[in-house]
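A short reminder: the numbers here are calculations on the coordinates, not readings from a lab. Everything numeric here is computed off the predicted structure, so don't read it as measured data. Glycine also receives a Cβ, built like all others from the backbone with ideal geometry; neighbour counts cover every protein chain displayed.
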Amino acid sequence: MTVEVRIEDRIQEALEQIREAIQQDGGDVEFVSYDNESRTAYVALTGSCVGCPASIMTLKMGVERAIKHAVPEVEFVEAY
C-alpha cells in the first residue's frame with residue numbers, strides 16, 4: 001500500500017529546503033494555498049522581502065524553481 005503525499009505537503013517541503021537561504025537575508029516565505037484547478041501555488045514573502053526590489057527575483061528564480069522541481073503538478077507560483 002502506498003501513501004500519497006498531498007500536493008500542499010510537498011509544496012511545504014520544497015519551501016523548507018530553501019527557507020534557510022531566504023532567512024539569511026532577513027526574509028521568509030510562507031505557503032498560503034494551492035488552487036488545483038489553475039495549478040497555482042500561492043506564497044507570501046515576509047520580513048525583509050516585503051518591498052525589496054529583489055523579491056520578484058527571489059519569487060521566480062528561487063521559490064518558483066524549488067516548488068516546480070519538487071512538485072511538477074504546479075504550473076504557476078504567485079505571491080499572495
With a 10 Å Cβ neighbour count serving as the proxy for reagent exposure, in which order, fewest first, do Y34, Y80 appear?
Y80, Y34
Express in nm, to one decimal, how much length is gained between D35 and C52 on full extension, taking 0.36 nm for each residue of separation and deducting their alpha carbon distance.
3.5 nm
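Give me the net charge for the shell around G47: Cβ to Cβ below 14 angstrom, other residues only, Lys and Arg +1, Asp and Glu -1.
That sum, taken over residues with Cβ under 14 Å, equals -3.
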Which of S48, S38 comes first, and how do the rest follow, when ranked by fewest Cβ neighbours within 10 Å?
S38, S48
Taking the Cα centre of the chain as the origin and placing charges on Cβ (Lys, Arg +1; Asp, Glu -1), which of F31, I18, A54 is farthest toward the positive end of the dipole?
A54
Tell me, what is the FRET efficiency for Y42 and V5 to the nearest 0.05, using R0 = 22 angstrom and their Cβ-Cβ distance as r?
0.70
Which entry is the computed Cα Rg over 2.2 N^0.38 Å for this structure: [x] 1.02; [y] 1.07; [z] 2.01?
[y]
